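The values are calculated or read from the model by the stated rules, or taken from the named source; none is laboratory data. Here the structure is a predicted model, which means the values were calculated and not measured. So basically every Cβ, Gly included, is an ideal-geometry build from the backbone, and we count neighbours across all protein chains shown.
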Amino acid sequence: MTRFAHQREEAELNLDDARELLEQRRAELRERRTRIERHTRHRDEPLPPDFAEQAVELENGETLVALDREVNAELKEIERALKRLEDGTFGECTKCGETISEGRLTALPYASLCIDCANATDAAR
Ligand SMILES: [Zn+2]
């Protein structure tokens, strides 16, 4: 356990738990993406004869594109977090190097910034 010796014992996040959370979420998102892709493809098929239904189809199509973008962005974050787990840098802020609080990582396992840096980034937007 010398690898994480610089971290205080009680502040240490269970990395196995974090990995499990991330992999679970990744599986969920991949499934969702598959469903979205199936829906999107379905849009290219001839539209249903019913006009009302047609309008719904088009609306859903636009929502699906936004959703797809969201899912892909989150998947990317999760991949990065899993990479950090492998590198042994998981739980460290990628900006300032501080340890990200366990509470924040539990709520957002793929958080790459500590709360201070995240707030600073939000404020800069
Ligand atoms: Zn930071």
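Structure notes:
- From the options ALA66, ALA81, residue that is in contact with a helix residue (DSSP H, G or I) (Cβ under 6 Å, 6 or more places away or on another chain) and at pLDDT 60 or above: ALA81
- Within the stretch 1-19, restricting attention to residues that are over 16 Å from ARG104 (Cα atoms) and surrounded by 10 or more Cβ atoms within 10 Å (Cβ to Cβ), the residue that is modelled with the lowest pLDDT is GLN7.
- Scope the stretch 66-96; condition more than 18 Å from the chain's Cα centre (by Cα) and within 14 Å of the ligand (Cβ to nearest atom); matching residues: LYS95, CYS96
- On the stretch given as the stretch 97-115, residues that are near the ligand (Cβ under 8 Å from one of its atoms) and surrounded by fewer than 13 Cβ atoms within 10 Å (Cβ to Cβ) total 1.
- Test: residue in the stretch 85-99 that is of a type in the set (A, V, I, L, M, F, W, C), in a helix (DSSP H, G or I) and either modelled with pLDDT of 95 or more or assigned by TED's automatic domain parsing to the domain that holds ASP17 (or both): yes
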